[in-house]
Each structure stands twice: as C-alpha cells, then as structure tokens.
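This report refers to the structure that appears directly beneath it.
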Amino acid sequence: MPKLGTFIRSAAVTALAGLVAAVAVTAAGAAPAKRSATVLQGAGSSLVAPALAIWQPLYSQARGVVVNYASVGSGAGIAAITSRTVDFGASDAPLTPDQATACNNCVQIPWALTATVPVYNIPGVADTALKLDGPTLANIFLGTIKTWNAAAIKKLNPGLNLPNTNITVVHRSDGSGDTYVFSDYLSKVSKTWANQVGSATSINWPTGIGGKGNSGVAAVVKETTGSIGYISDAYVLQNHIAKARLKNAAGHYTLPSLTSIESAAQLVTKVPADNKISLTDPPSSKKYKYAWPLSTFTYIIIPMQTDKAKLLKNFVSWALTHGQAPIRKYVFAPMPLVVVRAANKSLGKIHT
C-alpha cells in the first residue's frame, strides 16, 4: 500500500505515458487510442487521487485488473471522458446540464466522501489555531479583507496574536471539483460572493494566485508567507499545512474528520436520479452540530454504453465495498447506505 507522500506519483505517473498523451492527442483532433481489455484508464479529480493510489494495487491484487489514473483535475477529467479518451472520468463537481449533454449518456456515481479544507501559512499561528466563519472567508477570497490582523479576523480570534501581514489568496488555476465545493459553500454563506462570483469548477477569481491541482495549491501555500488556500484533507496531511477551524451554521468551530464529515452527510435522505448531491453548509439544527461545512462526495463518470462495462461495474462495486475501509486514514468517510444504494442502481444502467 503506497505511503501518502507518494500518491501523486502513483496516481499520475502510472498513466502519464499513455493517458495524458491520449488526452493531448484527442484535444488536437486525432482519434482516441485503442486501450487494453484488461486495463482501465481514468483521469480527473486530484481530490480522489489518494483513494485511487490505494485502490490501484489492492484491486490489481484482488481482481487482476490494472487501473491507471491521471490526477489532472475535475475539469480535465470531464473533458477526457466526454471525448472518450479514457474509460472513466472523476470529478468532485456533478456534471452541469451542458456537460451532461456533451458527455452523451454518461452516468455520474458517488463513490467516495471527504472534505475540502481552508489552509494557511501565517507567521506565529499554529495549526488549527485560526478560526474563520463563512462570511469572513468569503471576504478574504473577495479581496476585501487584506491583512491577517483585520478587525473581522481578530473578532473571531480573541487572544490570538495575528500579524500585520498581507493576505495572499491561493486558488486553483485548473478546472477543479475542490473549487466547485469551495465556491458552492461561499455562495451559500455570502450573498456578495453568490452575486459577484458564483459557483463552478472554474470561476473568475477576484484576487489571488493560482496553483495547479491540490498539490500545486499546497506548494504555493507552503512557500508563501501570509497565504491562504483550499485543498482536500489528504493533501493537508501529506504537506503538513496548518488548517483553519471553520464555524458551521450551528455555531461550532469544527475541523474535518470522519465524524464531522459523516455528520454533514446526514443531509442525504433521498438521492436524486442524477446523483447530484451538495453537502456544503448544513443547517443549524442539532443534528448537524459538529458537521464540517465543506464536506463533499466525489464522483466517477462512466458512459452508459461502453465495451468496458463489466470491468467498470466490477471496479466501482469493489470501491463502494472493499475499497472504503482502506481510504479512511486519508479522511475519506464511510458512504451513507442511501448513497451506496443509489450508486448501485446507477451501475445497473451501464452496459455494452
């Protein structure tokens, strides 16, 4: 089983020669390359890459099927499966209506549950010492709060020695499911954000600098004094970056954990036919007292008709069952039974 520090190489390099080249060739207008009948090729979300890095060797040992995966971002993953240069795409953002139409009878299936996390690099401020709420986080990313000792931040952090350091916002430069989750949350907690920026995998950022993939954002935050960004929790663990406590709608400052993510997932009582689920900003009721407000499902995207139907269905079924426990150490929470049932129902739509 690969160590956390190696999952980026495991997730991307194994597919680099064939998969990324195929995506690039197709983008130039060439026909998709023929792929082996015993290999599954995937591309997309960097958030789910740590899970794939664990699943790849385990599934190969269990079923004798090789799964190659390129962590190229949700937007690129959606483009790759739409052009059929891969067998599956992966995204933390559900397909938009236009994307669903372009993908031509694709099904999106939730197969893992985790969290996006605000991370920071502030001199003298330790890990988890910083407290933020939704409106303040939105104003930071809007660029209206410019220094770490601004009144709005100090109000949330009495007694914390916040420096007079300029804030550098770090965001994704590529199409990203993490960006969708983050901007979806900010749109719910800030009318200004909703009206001026909105929510999507790619948005027009009011301020800041970009990093490609979760690993890119993590690197920029680590290297930039006074910075703040957002990455999935597995990359927080890998990079040893400080993460903020975030005030949820119930008024509690929470941290991402299996428990707080599961708490947010209680929002799901019924799954829509297209499996589109949002877990951001759970309500203030006691049921969600400790919920992490940036929790998210991540999806595998598969054509309903594919010559790899049996291989894909077997792989996803395995991921939804045997594959869940091994990824918990990277803060992937157990999938709710109602979502697993919906996922299995969607698998039934896939055929040769």
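Just so you know, all these numbers are worked out from the coordinates, no wet-lab data involved. All figures in this text were calculated on a predicted structure; none of them were measured in a lab. All Cβ positions, even for glycine, are placed from backbone atoms using ideal geometry, and neighbour counts span all protein chains on display.
Run the numbers on segment 116-265 and let me know its relative contact order in percent, using alpha-carbon pairs under 8 Å that are six or more apart. Reported relative contact order: 37 percent.
For segment 188-200, backbone phi angles converted through the Karplus equation (6.51, -1.76, 1.60; θ = phi - 60°) give residue-by-residue couplings of 7, 9, 9, 5, 4, 4, 4, 7, 9, 10, x, 10, 5 Hz, Gly and Pro being listed as x. Within the set [x] 124; [y] 144; [z] 176, the number that volume of the Cα convex hull per residue in Å³ takes when calculated for this structure is listed as [x].
Using mean Cβ contacts within 10 Å as the protection proxy, how do 300-310, 270-280 order, highest first?
So the order, starting with the most tightly packed, is 300-310, 270-280.
Using a cut-off of 11 Å between beta-carbons, work out the net charge of the residues near Asn214 (Lys and Arg +1, Asp and Glu -1, Asn214 not included). Result for the neighbourhood of Asn214: -2. Applying 0.36 nm per residue to the separation of Ala325 and Asn166 and subtracting their alpha-carbon distance, the gain on full extension is 53.1 nm.
Between beta-carbons, use under 12 Å as the cut-off and find the net charge around Ser190, counting Lys and Arg +1, Asp and Glu -1. Walk me through the numbers on the way to the answer.
Details: positive: Lys188, Lys191; negative: Asp133, Asp184, Asp281.
Counting the neighbours of Ser190, the net charge comes to -1.
Distance between the 7 Å Cα→Cβ label points at Lys146 and Asn195: 2.2 nm. The residues Lys222, Lys286, when put in order of fewest to most other Cβ atoms within 10 Å, stand as Lys286, Lys222. Protection proxy ranking of 205-215, 156-166, 223-233, by the mean of other Cβ atoms within 10 Å over each peptide's residues and highest first, is 223-233, 205-215, 156-166. Between Lys154 and Thr224, the modelled labels are 2.5 nm apart [label points 7 Å from Cα along Cα→Cβ].
Rounded, prolate or oblate for segment 116-265? Axes are the square roots of the Cα gyration tensor eigenvalues, ordered a ≥ b ≥ c, and the cut-off for rounded is a/c under 1.5. Note, shape of segment 116-265 comes out rounded. Evaluating 6.51 cos²θ - 1.76 cosθ + 1.60 at θ = phi - 60° for every residue in segment 103-120, the Karplus couplings come out as 6, 6, 6, 9, 10, 9, 10, x, 9, 7, 9, 8, 8, 9, 9, x, 10, 8 Hz, glycine and proline recorded as x. Which of the lysines could be linked to Lys146 by a straight reach, that is with a Cα gap under 28 Å, when you skip same-chain ones fewer than 8 residues away? Result set, ordered by chain and number: Lys131, Lys154, Lys155, Lys188, Lys191, Lys212, Lys222, Lys243, Lys247. The helix-based estimate of mean residue ellipticity at 222 nm for the chain, built from -39,500 (n - 2.57) per DSSP H run of four or more residues and divided by its residue count, is -10500 deg cm²/dmol to the nearest 500.
Let's test the formula: R0 of 45 Å, r as the Cβ-Cβ distance of Lys212 and Asp274. What FRET efficiency results, to the nearest 0.05? Don't jump to the answer; show the numbers that get you there.
Numbers: r = 29 Å, r/R0 = 0.64.
After rounding, the FRET efficiency stands at 0.95.
Stretched out straight at 0.36 nm per residue, the stretch from Ser83 to Leu237 would grow longer than its current Cα-Cα span by 52.0 nm. On the beta carbon distance between Lys345 and Val39, with R0 = 22 Å, the FRET formula returns roughly 0.25. Electrostatic bookkeeping for Ala129 treats Lys and Arg as +1 and Asp and Glu as -1; over the other residues with beta carbon under 15 Å from its beta carbon, the sum is +4.
At R0 = 30 Å, how high is the FRET efficiency between Thr101 and Leu337 if r is their beta carbon distance? Nearest 0.05 is fine. Intermediate results must be reported in sequence, preceding the final value.
Details: r = 31 Å, r/R0 = 1.04.
Efficiency at R0 = 30 Å is approximately 0.45.
How would you order 81-93, 181-193 from highest to lowest mean count of nearby Cβ atoms within 10 Å? Each step should come with its number before you reach the end.
Details: 81-93: 25.8, 181-193: 22.0.
Top of the packing list down: 81-93, 181-193.
Normalised by the number of residues in the chain, the mean separation of alpha-carbon contacts (under 8 Å, six or more apart) gives a relative contact order of 22 percent.
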